[in-house]
Amino acid sequence: MPHQCTSCGQVFDDGSKEMLSGCPDCGGNKFQFHPSTEDVPAEPEPSAEPPDPPTPDSSVARTVGNAAATVRDLVGSSGSQSAGAPEDDPSSRDPAPADSIPSEPAPAPDRTPPDTPASREDAAQADARSEVVSPDEIPTGSEPSTGTEPPATDDAATSEDLGTDPTGASATPVPTGDAGGRVASEPSEDRPDLSELREELNDQFESIKVLSPGQYELNLMELYDREEYIIALQEDGRYTIQVPENWHD
Amino acid sequence: MGLITDIRDSISSLFSAQDPKRIGIYGPPNAGKTTLANRIARDWTGDAIGPESHIPHETRRARRKENVEIERNGKSVTIDVVDTPGVTTKVDYTEFLEHDMEKDDAVRRSREATEGVAEAMHWLREDVDGVLYVLDSTEDPFTQVNTMLVGIIESQDLPVLILANKTDLEDSNVRRIENAFPQHETLPLSALEGDNMDEVYDKIAEYFG
């Protein structure tokens, strides 16, 4: 029973054609993969969701995804975040900057470089993702990266820039792929005012702002510029995107 | 290296000679894009492309009519016509409530319209070879959406014709549109009445043939 609709829970066989036009029961178009051998915990949408923030430096594409996820998380848990965070000390709130600043640019954590906590998480993710693929994939994937991936380098440099400037004043939006990386590290940069932060993030990269169900503001340049393509919005503010093939590289 | 480039160039020119150009009909909501698309499709293929409506965002998915063969001066030009959802920076379901729509339907229409804009912008990025930019000539053309879209089209070096639609209406002001986009050719027409369509087809053949 590999595929399960994330809205109504209906299960489809692997290769089922019914899924292609959405779930016949509820019309949902997000499915999670359930390997028959292993019971995957009920994570909302492991396949559609970009990788989680713990691996912020992997690539520009993924950091854009991370940024989206981060904003979604911020929006989703805004109450608890703003309540629990101290308003005065920029450095004490989130350990993430400490992680990202010392990371050396050259061997920045690629998919699965060896011997760092981040890489182990990556390996675990890769493992989870590649359950259906032949096991040979995993050793191939975990070969040490040559560390020459330029986006990762840029990204690390960007984090460093931000780290040395606690006010974050230098974080002006740049309309390139780098903007995503920069944005991704901003949530860990301290922003006492969450709504201000959200607004800044919105201005920088959010292509569709959901004011309320049925009311949207669209950033046409972002919609045009981004490689991925939003194909379905949902009432709760989540959305499904079509990921370009080259993101899988 | 040079050889490969040459081969690639010759292959791509081979294909572009054979493949019909894909022409996107773009513009703000309610400019008459679908009416124009239907007019073109009916004139040359006999079929329509999609339902027309006076309620904005009737078209919420891009619709395509392939191999529309337009004959001009003894030559024929084949294009694929893509009717796209109206592009806007704001979608608000309350706008639809004025058209006697239930709230649930209005909210859904709004969501689909937003997805439609995303789709239209995505198509513009890589899937069209030319643009018919349709404007309601009774409306002010100096809007953010028009400026941005025409700017994107220019930055892509896509051939574009500006169409000042709805000339059958009293308030129609074609001059205002010509003034707004002096760098492009503007054609007046009424897609609804079929006025001036001959000139439009001439120009389509000239621009996209």
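The values are calculated or read from the model by the stated rules, or taken from the named source; none is laboratory data. Quantities reported herein were computed from a predicted structural model and do not represent experimental measurements. With ideal geometry, Cβ positions are generated from the backbone for all residues, glycine too; neighbour counts draw on all protein chains shown.
Inside region B:43-96, can you point out the residues that are buried (at least 18 other Cβ atoms within 10 Å of the Cβ), assigned to a loop (DSSP other than H, G, I, E, B) and over 17 Å from the mean Cα position of the chain (by Cα)?
Scanning region B:43-96 gives a single hit, B:TYR93.
Just to be sure, is B:GLY209 touching a residue at least 12 places away in the same chain (Cβ under 8 Å), small (Gly, Ala, Ser) and more than 20 Å from B:THR59 (Cα to Cα)?
Values: touching a residue at least 12 places away in the same chain (Cβ under 8 Å): yes; small (Gly, Ala, Ser): yes; more than 20 Å from B:THR59 (Cα to Cα): yes.
Yes; evaluated as a whole, the condition is true for this residue.
Checking B:SER155 against (1) in contact with a strand residue (DSSP E or B) (Cβ under 9 Å, 6 or more places away or on another chain); (2) modelled with pLDDT under 95; (3) surrounded by fewer than 21 Cβ atoms within 10 Å (Cβ to Cβ), which test does it fail?
Among (1) in contact with a strand residue (DSSP E or B) (Cβ under 9 Å, 6 or more places away or on another chain); (2) modelled with pLDDT under 95; (3) surrounded by fewer than 21 Cβ atoms within 10 Å (Cβ to Cβ), the lone unmet condition for B:SER155 is (1).
Would you pick out the residues in region B:67-96 that are of a type outside the set (Val, Ile, Thr) and within 14 Å of chain A (Cβ to nearest Cβ)?
If the condition is that a residue be of a type outside the set (Val, Ile, Thr) and within 14 Å of chain A (Cβ to nearest Cβ), then B:PRO85, B:GLY86, B:LYS90, B:ASP92, B:TYR93, B:GLU95, B:PHE96 are the ones that fit.
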